[in-house]
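One structure is given here, and the rest of the page talks about it.
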Amino acid sequence: MGCVLILAAAAGAAAVVLALRLWLVLHSRVVVPRESVSLMAVAGSGGHTTELLRLLGHLSAAYSPRHYVLADTDDISARKIHAFELSRADRDPSGGVVPRYFLHRIPRSREVRQSWLSTVVTTLHSACLSLPLTYRVRPDLVLCNGPGTCVPICAAAILLGVLGVKRVTVVYVESLCRVEHLSLTGRILRPFADYFLVQWPALKEKYPTSVYLGRIV
């Protein structure tokens, strides 16, 4: 009985320490000036990828290298990303610069019309691959705009901070099509993102802590 109480107390203390560490990570806003920012951008299928690339089109060349994470079955997004990066290199005034970008594939967290019960299994599978990927890349910034694939990536990025490996800034931009209600991904990540951006004033009114900059894609 004594051993059980000791183990329970130790587990409780560990939980408290982890919770405190998570709170500190989520409430820190340390900005370190850098000549370059390693970026991990999570692409979703269809409109998500289109909006993401529009966002990236507004970023300077300082956001490099760029690591794109996409679903292992999403060949269309891969082609869009390659075309975007080649077009960006062609517009570079220095000329002849080889674009510094990489594509990483992980399983989808959820397919269209997939049951919620099986989604738990596929999300865990995706999370198991997201953590070693994020640990290997160790980005400065994670940028995402709503695909389910970004949930395990953001969780892995936050975990790096909790474990003291690296503080990763997470920026979530809610999709333009979300006018009055957040997406499921947005509802999940809103408490954890360092910056949560919305594109409609109705969402800013509902979620005062969000950042409203008008239409940005």
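Points worth noting:
- Close pairs (6 angstrom Cβ cut-off, 6 or more residues apart or separate chains): farther than 24 Å from R108 by Cα in the stretch 58-82, of a type in the set (D, E, K, R) and part of a loop (DSSP other than H, G, I, E, B) anywhere: S64/R100
- Residue match in the stretch 3-23 (condition: at pLDDT 80 or above and of a type outside the set (S, T, Y)): no
- Candidates in the stretch 149-198 are the residues that are surrounded by fewer than 23 Cβ atoms within 10 Å (Cβ to Cβ) and charged (D, E, K, R); of these, the one that is farthest from S130 (Cα to Cα) is E180.
- Verdict on I188 being touching a helix residue (DSSP H, G or I) at 6+ places or on another chain (Cβ under 8 Å), closer than 16 Å to L143 by Cα and in a helix (DSSP H, G or I): yes
- Qualifying residue in the stretch 154-161 (condition: within 18 Å of E51 (Cβ to Cβ) and out of contact with any helix residue (DSSP H, G or I) (no Cβ under 8 Å at 6 or more places or on another chain)): no
- On the stretch given as the stretch 131-185, residues that are without any contact (Cβ under 8 Å) to a residue 40 or more places away in the chain, basic (K, R) and not in a helix (DSSP H, G or I) total 2.
- Each residue in the stretch 73-90 was checked for being loosely packed, with under 14 Cβ neighbours inside 10 Å and either among the polar types (S, T, N, Q) or more than 14 Å from L56 (Cα to Cα) (or both), and 6 of them qualify.
- The one condition in (1) more than 20 Å from the chain's Cα centre (by Cα); (2) modelled with pLDDT of 80 or more; (3) not in a helix (DSSP H, G or I) that A89 fails to fulfil: (3)
The values are calculated or read from the model by the stated rules, or taken from the named source; none is laboratory data. Computed from a prediction, not measured in an experiment: that's the story for all the values here. Note: ideal-geometry Cβ built from the backbone for every residue, glycine included; neighbour counts use all protein chains shown.
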